[in-house]
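Student: Pasting in a structure now, in structure tokens, and then I'll have a few things to ask.
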Amino acid sequence: MVNQKLRTSKEGNKKAKKSLLRKQFTEMHLAVQIGLNYRDSVEKFFLGESIEYYIFQQICLRLDLKWEEIAELDSAYLENYSPEINNLVDRVKEIVRPKIADRCGKMRFLDRAEPINLTELYTRVHILEASPNQGYLDMAELNHKFTLEKFDRLGLGHISEPRVLGVKAVERYPKVMVLGKPGSGKSTFLKYLAMQCNAGKLNHHLVPIFIPMKEFERVEICPSLIEYITQVYAPSNEEKIEFVQALQELMNRGRVMILLDGIDEVPDTSQHRILRQIRELTENFSSNQFVMTCRMAVQEYAWENFIQVQVADLDIKQIITFVRQWFGCKNEKKNKYFISKLRENTSIQTLANNPLLLTLLCLVFEKNDEFPRNQIELYDRGLKILLDRWDEQKSIEGDAIYRNLSLKTKQALLEKVAMRICLWGEYFVKKSDLIQYIFESMNQLPEAVNRLENSARDSEIILKSIQSQHGLLVERTPGIYSFYHPTFQQYFTARAMVNSQNLQSMLGLVNSVTQSIWREVFLLTNEMISNSDELLRLMKNKIDRLMAGDEKLQQFLTWAYRKSLSVPVSFKPAAVRAFYLALFPHLNPNLSDLDLDLNLTLACDPGFDLAIERFLHLDYLLVLTLARALAPTLTRDLALTLAYVQARVRVLGFDFPINPEFEKSLANLKKELNQSDEQIQHLMEDWQTNPLAWISRLKMARKWWQSNRLAWTDRLQKMMAEYRDIGHDWQFTYHQEQLLKQYYYANQLLIDCLNRANYVSSDLREEIEATLLSPLAAIESQTTNYSNFNCD
């Protein structure tokens, strides 16, 4: 009775109002609990007017009432749910049960020869009750609102609407349109609904009917949908006529759940006929429940009276559930290892959010107990599935213009489009621009058959096909598109770079070395090529020249270079230079919270350990002390850090000569600080026993610090500069700080490419490691072939 409307009886209405008073609720309070969109329904409920049954039940639930006891059941309801009709439902379900089990009880997976029982691998589907896009946002708002880190939360599956179980929507709404990207699990969800209804666990009062629309389209005689349903599910014996009559009776009474899968997966030539058939069925038998699936991009399949829901991307809990079911609960070691490797790699996580591609990951992992070291293999296989094999497996024909393109041509097209978007330094593109990119890209491809005669019409058809068949391009807001995830844009751009095979393209790439949108493109390009010497040399030369024209920044690099040579450590010099650069506050803004970013340092030397090199640890503690002293509020952390500095100096004194003036300066600073520190130490003791004394001590400590902070900090900074050659106030301009950040993170990219390259000559590797993060003068004195390439 999912489509039934209910109202309270006279006695039931009195009970409801008494319960409302007893719980001290108001109608508005009740509406807030159920959902503010249902305020009118709550008002109608207490006026005795008819409302949707699921809202009626929700109100009764919150009032601790049984809906059956307060509802007024009309004669039509009593007739449709009479014992005779209920028995007829049971008899028809017995006939369709084996065919539902045969059609919906198994799942086929890519490279697996044998199907798997649906119940063994099904992961509960979550949906979003929201529109397919974000509402209207222009390009500037999108680029401002969504950073790379926030991109996952943009669009289908990651918007701010709450995730709910898919079955809840089916229980709640009589007509549901399930939208979702290719491979998101729409068909599996529909099969699960049919099996649950078949087993009496969902909408037990209805008869399930499951129809894949592509099968219906292939029937040569072109029957009506109702005729096709009876052909598929009717027994072949003498009971056929009786079954047809019984099914017709039940559909007239609204006792059937009709599941239509893939209404957009039919050829263009049959679309008009199929849509007409569906409309006739839903209008002539509107009292039944209908659930249909459609790829999210196909807006023309908006149906009146259907609520649209979207299949959400898999979250980590769903991924873990799927993995455990795939490998088996007994193989917990493999399950945990798979998940741990997944958490380590955000790019693989991007694939795992899609059930189809998660299946691919499981198949790859199952063979080798490991993901490929080279992620390109995963992307190649995953995108081949999305671009070719998935539609082939599901027998989706698509539009003729796009259908005739080879896999190679589709890939080349997406590579050129991705490159064009990336060249603008954006993730989003206007539809008009995207259509133009497609037209220009198609006409640049070598095959003459790919030429487009009508730029706007044919290019828009291709865009629509890429949207609906593969989900790789998504309309984020009306008229503005992006790739489904930046990873795919970056992958195709890297492929375009590699396939261009010319120095000019490589120089163009290198000129973008400081732009974050290109970072993953560099890494992927580096992994795709067999020899990275040329790319890495161009990157190194470009990065070294970023700050070549700024004398003060070159002085800063000279200081770090000189400082690294003065410290007796066993680590690689580049790692030590990276460490001292990391102590610069503008490269580590959270330094005072012990959040020291050592990613570049560890990339230069994985064996770097701050704890075992005492001079490095001393300098770190001194810089940490300065960072905490510069904070406006005094904390006990400052005194504790200074105490650690003193302890480290005393330990160093056993093995190395320590300047006694340095020790004396430290002691004086600590002594001054103790004037307030001793007060702070009593604060926790006084908090419980004497709150007034606690407040007084806190005020005194803060007052002392406000009066003495600047002078105390200045003495600390001068002592650090004099005795340890750190803590200098470089007084960089904002432009210089930004340029230094670009230089620092570009070197991080360079060393990441170096470490992930398939092949780098030993000479070039040694040259990069020897001169990384060095001033230009030091580099030119160490290398003879520095100026062989010009990247500008």
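Student: Determine whether Thr8 is open to solvent by 50 Å² or more (accessible area, probe 1.4 Å) and either within 30 Å of Glu239 (Cα to Cα) or modelled with pLDDT of 85 or more (or both).
Tutor: When the stated conditions are applied, Thr8 does not pass them.
Student: Here's something else I'd like to know. Quick one: what pairs do we get from segment 40-52, first residue surrounded by 14 or more Cβ atoms within 10 Å (Cβ to Cβ), second aromatic (Phe, Trp, Tyr), C-beta under 8 Å, 6+ apart or different chains?
Tutor: Listed by first residue and then by second, the contacts come to Phe45/Phe56; Ile51/Phe45.
Student: Still on this structure, please answer the following. How many residues does segment 564-602 hold that are among the small types (Gly, Ala, Ser), under 17 Å from Leu626 (Cα atoms) and either modelled with pLDDT under 85 or open to solvent by 20 Å² or more (accessible area, probe 1.4 Å) (or both)?
Tutor: Final tally of qualifying residues: 1.
Student: Check segment 319-340 and report whether any residue there is crowded, with 17+ Cβ neighbours inside 10 Å and not in a helix (DSSP H, G or I).
Tutor: No.
Student: From (1) part of a helix (DSSP H, G or I); (2) within 30 Å of Ile751 (Cβ to Cβ); (3) open to solvent by 40 Å² or more (accessible area, probe 1.4 Å), pick out the condition that doesn't hold for Thr514.
Tutor: Tallying (1) part of a helix (DSSP H, G or I); (2) within 30 Å of Ile751 (Cβ to Cβ); (3) open to solvent by 40 Å² or more (accessible area, probe 1.4 Å), Thr514 fails exactly one: (1).
Student: Something else: Find the residue count for segment 715-767, including only residues that are part of a loop (DSSP other than H, G, I, E, B) and within 38 Å of the chain's Cα centre (by Cα).
Tutor: Qualifying residue count for the region: 7.
Student: I need the helices (runs of 4 or more DSSP H) fully contained in segment 222-286, keeping only those with at least 3 residues that are farther than 19 Å from Val96 by Cα.
Tutor: 268-284
Student: Kindly provide the set of residues from segment 606-617 that are modelled with pLDDT of 85 or more and buried (at least 19 other Cβ atoms within 10 Å of the Cβ), ordered by number.
Tutor: Phe608, Leu616
Student: Could you list all residues from segment 460-486 that are open to solvent by 10 Å² or more (accessible area, probe 1.4 Å) and part of a helix (DSSP H, G or I)?
Tutor: Correct list: Glu460, Ile461, Lys464, Gln467, Ser468, Gln469.
Student: Only one of Thr713, Thr689 is of a type in the set (Ser, Thr, Tyr) and at pLDDT below 75; which?
Tutor: Thr689 is the lone residue from the list that is of a type in the set (Ser, Thr, Tyr) and at pLDDT below 75.
Student: In segment 252-287, which residue that is charged (D, E, K, R) and surrounded by fewer than 19 Cβ atoms within 10 Å (Cβ to Cβ) is farthest from Lys464 (Cα to Cα)?
Tutor: Among them, the one singled out is Glu283.
Student: Further, regarding this structure: Given the condition touching a Ser or Thr at 6+ places or on another chain (Cβ under 6 Å) and modelled with pLDDT of 85 or more, answer yes or no: does some residue in segment 307-319 qualify?
Tutor: Checking segment 307-319: at least one residue is touching a Ser or Thr at 6+ places or on another chain (Cβ under 6 Å) and modelled with pLDDT of 85 or more.
The values are calculated or read from the model by the stated rules, or taken from the named source; none is laboratory data. This is a predicted model, so every value here is computed, not measured. Every residue, glycine as well, gets a Cβ built from its backbone with ideal geometry; the counts of neighbours run over all protein chains shown. Areas reflect the complete protein model, heavy atoms only, side chains present, ligands, DNA and RNA absent. Shrake-Rupley method; radii C 1.70, N 1.55, O 1.52, S 1.80 Å.
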